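Every number here is computed from the coordinates shown, using simple stated rules; none is lab data. What you see is a predicted model; the values in this text were computed from it and never measured. We place every Cβ from the backbone using ideal geometry, glycine too, and count neighbours over all the protein chains shown.
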Amino acid sequence: MRTGNRGILVVEDDPAIRRLIEWTIQDEGFAVAAVPDGAAAIRYLADRRPVLLILDVMLPRADGYQVARALRSFHGRRTPILLLTAAGDVRDAARRIGAEGYLAKPFELNELTALVRDLLERSQVPTLAGSADQSYLDAAAG
């Protein structure tokens, strides 16, 4: 599966968790951008629309709710949100934030990758064989 130049955005303030998520998702073949706080995420979202937002709730400089509102404001509901949090009732937080999926911390990496694949499939991210980029490359190659 390929996301083209629009990768997955990971917003997590804990550097060890952020790197682990980033490496795990990259190992699955996806392009990943990662930022450490809500303000950086909002700046990223102002210029780019990721194919998936993996979002913590408790973030410095702007919380996950503010980041989710910014995403919806800039890009509508086209980008699914996967909420990762250690905060209380994760199901309620996901509902309030408008997330399409959620995992409570700590989580298993296989759960994360399965949920990422499921959310991307439901949002119809193209596979390499069916992507517009590949069709263009095939036509250009003659």
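Counting only other residues whose beta carbon sits under 11 Å from that of Ala114, what net charge do I get with K and R as +1, D and E as -1? Residues close to Ala114 contribute a combined charge of -4. Please label the shape of the stretch 8-137 as rounded, prolate or oblate, based on the square roots a ≥ b ≥ c of the eigenvalues of the alpha-carbon gyration tensor (a/c under 1.5 means rounded; beyond that, a/b larger than b/c means prolate, else oblate). Here the stretch 8-137 falls in the prolate category. Each residue of the stretch 27-36 is assigned a 3J(HN,Hα), and the resulting list reads 4, 7, x, 9, 6, 9, 10, 9, 10, x Hz, derived from the Karplus form 6.51 cos²θ - 1.76 cosθ + 1.60 (θ = phi - 60°), x at Gly and Pro.
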